[in-house]
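> Take this structure, written in structure tokens, and hold onto it; I'll ask about it next.
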Amino acid sequence: MPCGIVIVDKHLQIQYFNDFAGRFLNPDGEQSPPEKLSDLVFNTTDMHLFDMDDCMKNMIASGKRNFHKTLILKNDKTERLVYLSANLFVQEGREFFLFALSDISDEMDCVTHSPGTFGRGEYLISRKIIGRDEKVRDNYRMIALAADSEVNVMITGESGTGKELVADAIHELSERKDRPFVKVNCAALSETLLESELFGHVKGAFTGAYKDKTGKFEQADGGTIFLDEIGEISPALQVKLLRVIQEKTIEKVGDNQPIRVNMRIVAATNQNLRERIKKNLFREDLFYRLNVFSIHMPPLRDRKLDIPLLSEYFVERFNRSTGKTVKGLSRQASQTLMEYPWPGNIRELQNAIEHAFVLVQGSLIETEDLPSEIRYFMKAESPTTLTEASAKENENSGIQKTRGGQLRISREKLRAALEKHDWNQTRTAEYLDISRVALWKKMKKMGL
Ligand SMILES: Nc1ncnc2c1ncn2[C@@H]1O[C@H](COP(=O)(O)OP(=O)(O)OP(=O)(O)O)[C@@H](O)[C@H]1O
Ligand SMILES: [Mg+2]
């Protein structure tokens, strides 16, 4: 069989392994075969995520099979990602475990790193996450490990770096994948609305509560809840969230009946929460509860090697959605993309390619087809910052960005921008190159 088979008794004593397992685990073939499974497999770097004893007990209790993805450090010091399937069987009253192991390192590489291999294999979710820069390779490993565990995960990174994609992947690769995945943007709602959104309410709990409402926590039962922009939640809600994590129960607004919930929390933020803790804006105890496992998405400017790969991927995607047959970017256009600092990260790159698709004439995207702020950035003779470049461009339109990237815009201009996009906030935010939340806040402040 083209996979490794190892049979152990319940003391992990190895009773049998096939040639494949022998070669895989002991490639130089010089050492004598190990006697216990723990001598062999559990050189994993993240052992705490895969506890053999627990796994065995679980199987005996439930009689079920058990699957794990785990890293194995082999004798030759190479590290491989392995898919382990463990089966319990009983023979003459004795319990044995049969482990089948397949090396999936290469598959994981293909689908996560190369846009040319879509549709291959079953890790479909990962095919959406493009990148092979070393900085993100570690992240793929972290995603796989996080998916395998039940712990809460915190994803950090600037806007547009792919935090939501990571949250999707964690859910999709986890055992909860067939249960709900519920997303909540904590910044888009006022404190009271957010509370009733998360916890639900009973009829009459407050003015306007005409009927009972099930909250997102309850909806996510058995699955995963994604709390986006977690840094924005109010101190009062932070306390309540902490209680949910500790007690695994919720109470609807206006009711004190505790309801049990079982969910995994994946949170994301583009803020520096440690700074917010120092300023007493975020509770430290809550932070540690959420940050059991953390994944940081690097900004695009720190993983420039991925720019060509990502551009290719987006070209392919827009070809499919628009029916065009663009081959790629001209040399000069590619060079431009490499030198631009991408403050809006991958989202901005995606928008730039989409923009170019509207203008492109031939089979290659030229520099002229790229959005003006990118062209301006390149044209400026003295080293200039993006914000200066785009401020220059927008001078006459009354839209400016401060050095910190904050948008300065008058109420009329904002209104005009919204009107131009039929009050579609996503498109307006993209047009102004700010996040939807930032736009939402601006609109709120200006009473729009
Ligand atoms: N590695 C990637 N490969 C392909 N597409 C990506 C990648 N990372 C991000 N994207 C795309 O970029 C866009 C932004 O990603 P996403 O929404 O996950 O970012 P985010 O970090 O949540 O941003 P924000 O903080 O603004 O909410 C999405 O359209 C996503 O599909
Ligand atoms: Mg997001």
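> Do we have residue 269 as polar (S, T, N, Q) and more than 15 Å from ligand 2 (Cβ to nearest atom) here?
Numbers: polar (S, T, N, Q): yes; more than 15 Å from ligand 2 (Cβ to nearest atom): no.
For residue 269, the condition - polar (S, T, N, Q) and more than 15 Å from ligand 2 (Cβ to nearest atom) - is not met.
> Further question: Please identify the pairs in which a residue from the stretch 346-368 that is farther than 12 Å from residue 334 by Cβ and open to solvent by 70 Å² or more (accessible area, probe 1.4 Å) has its Cβ atom under 7 Å from the Cβ atom of a residue that is aromatic (Phe, Trp, Tyr) and in a helix (DSSP H, G or I), counting only partners at least 6 apart or on another chain.
Within 7 Å, the pairs are 354/318.
> Quick check: anything in the stretch 111-134 at pLDDT below 80, within 24 Å of residue 227 (Cβ to Cβ) and either of a type in the set (Gly, Ala, Ser) or more than 14 Å from ligand 1 (Cβ to nearest atom) (or both)?
Residues of the stretch 111-134 at pLDDT below 80: 111-128, 132-134.
Checking the rest, the ones that are also within 24 Å of residue 227 (Cβ to Cβ) come to 125-126, 128.
This time we only want the ones that are either of a type in the set (Gly, Ala, Ser) or more than 14 Å from ligand 1 (Cβ to nearest atom) (or both), so: 126.
Yes, that holds for at least one residue.
> Condition first: away from ligand 1 (no atom under 16 Å from the Cβ) and open to solvent by 20 Å² or more (accessible area, probe 1.4 Å). Now tell me which residues in the stretch 209-233 satisfy that.
Within the stretch 209-233, the subset away from ligand 1 (no atom under 16 Å from the Cβ) is 209-223.
Passing the criteria: 210, 211, 212, 213, 214, 216, 218, 219, 221.
> Consider the stretch 150-184. How many of its residues are open to solvent by 10 Å² or more (accessible area, probe 1.4 Å) and away from ligand 2 (no atom under 16 Å from the Cβ)?
Residues meeting the conditions: 11.
> Go through (1) in contact with a Phe, Trp or Tyr (Cβ under 9 Å, 6 or more places away or on another chain); (2) at positive phi and name the single condition residue 208 misses.
Among (1) in contact with a Phe, Trp or Tyr (Cβ under 9 Å, 6 or more places away or on another chain); (2) at positive phi, residue 208 violates only (1).
> Can you run down the residue pairs with Cβ atoms below 6 Å, 6 or more apart or on separate chains, where the first is in the stretch 315-340 and outside the structural domain of residue 362 (by TED's automatic domain parsing) and the partner is modelled with pLDDT of 95 or more and open to solvent by less than 80 Å² (accessible area, probe 1.4 Å)?
Pairs that qualify, where the first residue is outside the structural domain of residue 362 (by TED's automatic domain parsing) and the partner is modelled with pLDDT of 95 or more and open to solvent by less than 80 Å² (accessible area, probe 1.4 Å): there are none.
> Please pick out the residue among 318, 287, 314, 293 that is open to solvent by less than 90 Å² (accessible area, probe 1.4 Å) and more than 19 Å from the chain's Cα centre (by Cα).
Values: 287 fails: more than 19 Å from the chain's Cα centre (by Cα); 314 fails: more than 19 Å from the chain's Cα centre (by Cα); 293 fails: more than 19 Å from the chain's Cα centre (by Cα).
It is 318.
> Being hydroxyl-bearing (Ser, Thr, Tyr) and within 11 Å of ligand 1 (Cβ to nearest atom) is the filter here, so list the residues in the stretch 290-332 that pass it.
Across the stretch 290-332, the qualifying residues are 311, 313.
> Taking the residues in the stretch 148-198 that are within 14 Å of ligand 1 (Cβ to nearest atom) and assigned to a loop (DSSP other than H, G, I, E, B) as candidates, determine which candidate is modelled with the lowest pLDDT.
188
The values are calculated or read from the model by the stated rules, or taken from the named source; none is laboratory data. None of the values given here were measured: they were computed from a predicted structure. Note that we place each Cβ from the backbone using ideal geometry, even for glycine, and neighbour counts take in every protein chain shown. All accessible areas refer to the heavy atoms of the entire protein, side chains included, with ligands and DNA or RNA removed. Shrake-Rupley method; radii C 1.70, N 1.55, O 1.52, S 1.80 Å.
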